[in-house]
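J.: Could you have a look at this structure, given as structure tokens, before my questions?
Just so you know, all these numbers are worked out from the coordinates, no wet-lab data involved. Quick caveat, the model's predicted, so the values are computed rather than measured. Note that we place each Cβ from the backbone using ideal geometry, even for glycine, and neighbour counts take in every protein chain shown.
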Amino acid sequence: MKQYNAIKAKYPDALLLFRVGDFYETFGEDAVKTARILNIICTNRNNGSERTELAGFPHHSLNTYLPKLVKAGERVAICDQLEDPKMTKSIVKRGVTELVTPGVALSDEVLQSKSNNFLCAIHFGKKIFGVSFLDVSTGEFLTAQGNSEYIDKLLQNFSPSEVLIPKKNKKDFTHIFGEDFHTFYQEDWVFKQDFAYETLNEHFQTKSLKGFGVEHLEEGIIASGAILHYLAETQHRKLQHITAINRIAEEEYVWMDRFTIRNLELYHSNAANAVTLLDVIDKTISPMGGRLLKRWLALPLKNAEKVKKRHEVVGFLLENPSVLAEIQQNIKKISDLERLISKVATGKVTPREVIQLNHSLEAIIPIKELALKSENEAIKVIGDNLHSCEVLRNKIGESLHEDAPVNILKGNCIAEGFSEELDELRKIAFSGKDYLDNMLKRETETTGISSLKIGSNNVYGYYIEVRNTHKDKVPDSWIRKQTLVNAERYITEELKEYEAKILGAEEKILHLEQQLFSKLVIWMNDYIQPVQQNAQLIAQLDCLCSFAEQAKAENYCKPEIEENHDLHIEEGRHPVIEKQLPIGESYVTNNVTLDRENQQVIMITGPNMSGKSAILRQTALIVLMAQMGSFVPAKAANIGLVDKIFTRVGASDNISMGESTFMVEMNETASILNNISDRSLVLLDEIGRGTSTYDGISIAWAISEYLHEHPAKPKTLFATHYHELNEMCDTFERIKNFNVSVKELKDNVLFLRKLVPGGSEHSFGIHVAKMAGMPQQVLHRANKILKKLEKSHKMEDSSELLKKSAEEEMQLSFFNLDDPILQELKEEVLHIDIDTLTPVEALMKLNEIKRTLVGKEKAKTKA
Ligand SMILES: Nc1ncnc2c1ncn2[C@@H]1O[C@H](COP(=O)(O)OP(=O)(O)OP(=O)(O)O)[C@@H](O)[C@H]1O
């Protein structure tokens, strides 16, 4: 317990698995926790004067139990026996050999094959944040830096399993990024520039980080240094598979903030069990393909050439189904190359996994040949860059048995003919029976004793047994070892020699097999880079095949990527909803055209449930899918490259996220208004409905007006059931009204789901209430109240009011008053150059204006 306490003191926040003989034991609070999580028995032991809780499991069950502990969010320190108990008389030496945490996991039981498992570190710089992501199971290491919004978006994109934060920024982190992350607080000193550069250069054995193109990312590097330090702290020192650190090239990807990623349900669903876009489009076969597809979805491209290249490959694969089929057939044979080679680096690979790696590399050969012959340039390049890894394959082939076991201790792992010594030992161990049979035959003949027996036991080893009746025929050279009631047991010179050879042969075989295997694994380390490169290329090919497969299955079309700012979608569909419609119902397609000249803002009205949100989302999804390189669910699509996609959903649609307040809605919308560009696509769904009708209409109106008047003229779809907003098109020339048509029956509505020009008259809320089965009495009463309200508001129709107020505002501005101070202010305001003004300067200016006005107000009161 003294030894245990000393080790436990070094890992106070981890659950300590303490190896005792064949068991891993836990004590005290750890035992209570372990027993609860693993559902195993917790016992009590008297430990001197105290009682201690104790819970443990056999060491060979570590792979079963460890993942459960880690998945429950525990940090688990594995404390092993560091010397052979047989070799020591005192207490065996023990030490922590690995600290497994949610972000640093290598075991297949903890990892999900189609998801990365990122560990993240965040450095809180003076002005900006540095961030770093590392998947130790694949070796991918990324860094970036930027403002909180950017970091927030990246956290959303990469969904790290664990985030490292300096202790002093504990509160700041939850304040800015929320409480959804599994965090670990590191000592503040770890987040220092010099330390980080030193750690990274030492790891990569470089003098500077220039070669990786990250040298200038000071904050990002600090975060990256903290990650590497954490790995060392958790006893992960074999990291040769982390061969590079890459910058997340923000400028290459379409910007989507966390709300947009969530709203569009790309790979997180807002409701439990809801289907995401990824679920629908993922036809990848390999784990690394699956992981890359998710990345492509989170980071669609902005570079037209790159996007077009992907489309070309997809088109080529569609036109050449036999090539597609053959590539996919071979990808099926490829295991998780990326994780297998990482296991080689960390020394955790099993013999069977090395065989799998070999099979995977073999399956790459036909892909390479096929790609090299291809008429598509991009596929050819992939073929060119795929490594055949011949030396590696040959070496594995000649070293290992084809059916090598998972556990090296099971034996029969190294192939025949690879090591003479091993072959010799095996001959002795396995041909032993024949040898003994021969010996027996010979001895029977020479002695004439017919009932001779050769056997062995633990105490006396090998012996020849002679029944008492033949005792007198025993040659003098035999030495008696043991006397039984009816027989005597002897040892001969030959048997003694044989025994010396065979005893330990099996042990020697195991030892030699282990030695040869670890030598092979170390040798394989030289092939980490080519294998990683193959994994990357196969992942790309897998994604492109997945696009082709999906396009074929769902009848998608090739989008045209244009340099202009227009968006035209013909007969577009929502890729997820169309897959979920009840049998017999077909998706109603819709056309959407947006540009910056004539139809910049589309105001979509229509009753609840008519399909407004579906149109908004399908537009965003089509753009996004196109820019990730996929074909799209439409008859035709011309897409002027989009650089940012914003979506906002009115408060009540967000209730499931626990963020139903109007304030959140306004905050989110404000952040769009501050970030729009001329290539942005903005989707606003029922913005303003989180407050009273008049408030809501006013806010929705003001936001639409702002977007229309903004020099960027961002393409906007605004879904609303405030039909009052239809009046805007009279005043603002690029705002156009559309509605999702419905057919009014006698006292019901039929949803046609077709987007048609023109506004809609009323909201049909009561019809929908009826469809939902609201009692007749309530519906009747609601209809009556509606009629009354409509009558009483006729005199001052809200939209009329709004239009009037917009006009009045222009005339009634206080600049018309001829107060000299106000005149002065007017001049000042007119001369402000909005384009060069920073938000802070604007606030200061506003403050100045306010001060002048307050001063004037006071002067007036005094007077
Ligand atoms: N084009 C379409 N073809 C077939 N079904 C559709 C179509 N559009 C929408 N739907 C179906 O109608 C349902 C409601 O659509 P949606 O959520 O877009 O309506 P909405 O007008 O935004 O409603 P609300 O105002 O209540 O949010 C969808 O879940 C889908 O099942």
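J.: Pull out the extension gain between residue 407 and residue 496, defined as 0.36 nm times the separation in residues minus the alpha carbon to alpha carbon distance; nm, one decimal. Mind showing how you got there, number by number?
T.: Numbers: separation 89, 0.36 × 89 = 32.04 nm, distance 3.29 nm.
Difference between extended and current length: 28.7 nm.
J.: Please give the net charge around residue 565, taking every other residue with its beta carbon less than 10 angstrom from that of residue 565, where Lys and Arg add +1 and Asp and Glu add -1. Present the calculation step by step, with values, prior to reporting the outcome.
T.: Numbers: positive: 596, 679, 713, 715; negative: 562, 563, 566, 595, 597, 678.
Net charge in that neighbourhood comes out at -2.
J.: Along the charge dipole of the chain, which of 628, 391, 568 sits closest to the positive end, that is, farthest toward it, with unit charges on the beta carbon of Lys, Arg, Asp and Glu (+1, +1, -1, -1)?
T.: Projecting each Cα onto the dipole axis, the largest value belongs to 391.
J.: Let me ask something else about it. So for 835, 152, 403, fewest C-beta neighbours within 10 Å to most, what's the order?
T.: 835, 403, 152
J.: Further question: Mind putting a number on the dipole of the chain about its Cα centre? Charges go on the C-beta only, +1 for Lys and Arg and -1 for Asp and Glu, and I need it in Debye to the nearest 20. Please list the in-between numbers first.
T.: Working: 105 positive and 123 negative charges, 473 e Å.
I would put it at about 2280 debye.
J.: On a 25 Å Cα-Cα criterion, which of the cross-link pairs 114/192; 644/713; 433/508 come out too long?
T.: Details: 114/192 34 Å; 644/713 13 Å; 433/508 18 Å.
Beyond 25 Å between Cα atoms: 114/192.
J.: Further question on the same structure: On a full-extension model of 0.36 nm per residue, what is the gain between residue 176 and residue 126, subtracting their alpha-carbon distance, rounded to one decimal in nm? Intermediate values should be presented prior to the final figure.
T.: Numbers: separation 50, 0.36 × 50 = 18.00 nm, distance 1.50 nm.
Answer, rounded to one decimal: 16.5 nm.
J.: Return the FRET efficiency for the residue pair residue 2, residue 847: r is the Cβ-Cβ distance, R0 is 60 Å, and the value is rounded to the nearest 0.05. Mind dumping the intermediate values first?
T.: On the way: r = 66 Å, r/R0 = 1.10.
E(calc), rounded to 0.05, equals 0.35.
J.: What fraction of the DSSP beta bridges in the chain is antiparallel, stated in percent and rounded to the nearest 5? Let's see the in-between values first.
T.: Values: 63 of 102 bridges.
About 60 percent, rounded to the nearest 5.
J.: For 40, 491, what ranking results if the residue with the fewest other Cβ atoms within 10 Å of its Cβ goes first? Write down the numbers at each step before the final one.
T.: Values: 40 15, 491 18.
Sorted ascending by nearby Cβ count, the order is 40, 491.
J.: Considering the options 527, 516, 538, tell which one lies farthest towards the positive end of the dipole of region 515-583, charges being +1 on Lys and Arg and -1 on Asp and Glu at the Cβ, about the Cα centre.
T.: Final value for the positive-end residue is 516.
J.: At residue 205 and residue 571, where each label point lies 7 Å from the Cα along Cα→Cβ, what is the point-to-point distance in nanometres?
T.: Between residue 205 and residue 571, the label points sit 6.0 nm apart.
J.: Can you compute the FRET efficiency between residue 756 and residue 304 using 1/(1 + (r/R0)^6), with r the Cβ-Cβ distance and R0 = 25 Å? Round to the nearest 0.05. Could the numbers behind the result be given before it?
T.: On the way: r = 32 Å, r/R0 = 1.29.
My answer for the efficiency is 0.20.
J.: Relative contact order, percent, of the chain when contacts are C-alpha pairs under 8 Å separated by at least 6 residues?
T.: 9
J.: So, one more: May I ask you to list the aspartates and glutamates whose Cα is less than 17 Å away from that of residue 348, ignoring any residue fewer than eight positions away on the same chain?
T.: Result set, ordered by chain and number: 80, 98, 108, 109, 135, 336, 338, 513, 526.
J.: Which listed residue (584, 141, 704) has the Cα farthest towards the positive end of the charge dipole for the chain, taking +1 on Lys and Arg C-beta and -1 on Asp and Glu C-beta about the Cα centre?
T.: My answer, from the dipole projection, is 584.
J.: Report the label-to-label distance for residue 831 and residue 445 in nanometres (one decimal), using points 7 Å from each Cα along the Cα→Cβ vector.
T.: 12.4
J.: A further question follows. Note down the net charge around residue 452, summing +1 for each Lys or Arg and -1 for each Asp or Glu among other residues with Cβ under 15 Å from its Cβ. Please list the in-between numbers first.
T.: Values: positive: 441, 442, 453, 467, 471, 473, 480, 481, 489; negative: 437, 443, 445, 465, 472, 488, 494.
With Lys, Arg at +1 and Asp, Glu at -1, the net is +2.
J.: Shifting gears a bit: Evaluate the distance, in nm, between pseudo-label points positioned 7 Å from the Cα of residue 785 and of residue 270 along their respective Cα→Cβ axes.
T.: 2.6
J.: Where does the chain land at 222 nm, in deg cm²/dmol rounded to the nearest 500, when only DSSP H runs of n ≥ 4 count, each adding -39500 (n - 2.57), divided by all residues? Write down the numbers at each step before the final one.
T.: On the way: 31 runs with 391 residues, N = 863.
About -14000 deg cm²/dmol.
J.: If you don't mind, another one. Order these by the 10 Å Cβ neighbour count, fewest first: 170, 153.
T.: Working: 170 12, 153 21.
By the 10 Å Cβ count, ascending, the order reads 170, 153.
J.: Let me ask something additional. How much length is gained on full extension from residue 467 to residue 480, taking 0.36 nm per residue of separation minus their Cα-Cα distance? Provide the component values of the computation, followed by the final result.
T.: Values: separation 13, 0.36 × 13 = 4.68 nm, distance 1.28 nm.
Stretched out fully, the residue 467 to residue 480 stretch lengthens by 3.4 nm.
J.: Once you list every other residue whose beta carbon is under 14 Å from the beta carbon of residue 599, what net charge do they have if Lys and Arg are +1 and Asp and Glu are -1?
T.: Its environment carries a net charge of +1.
J.: Between residue 194 and residue 858, what FRET efficiency comes out of the Förster formula 1/(1 + (r/R0)^6) with R0 = 60 Å and r the beta carbon distance, rounded to 0.05? Working shown, then result.
T.: On the way: r = 55 Å, r/R0 = 0.92.
It comes to 0.65.
J.: So, one more: Please give every one of the aspartates and glutamates within straight-line cross-link reach of residue 170, meaning a C-alpha to C-alpha distance under 12 Å, and leave out same-chain neighbours fewer than 8 residues apart.
T.: Within reach: 179, 187, 188.
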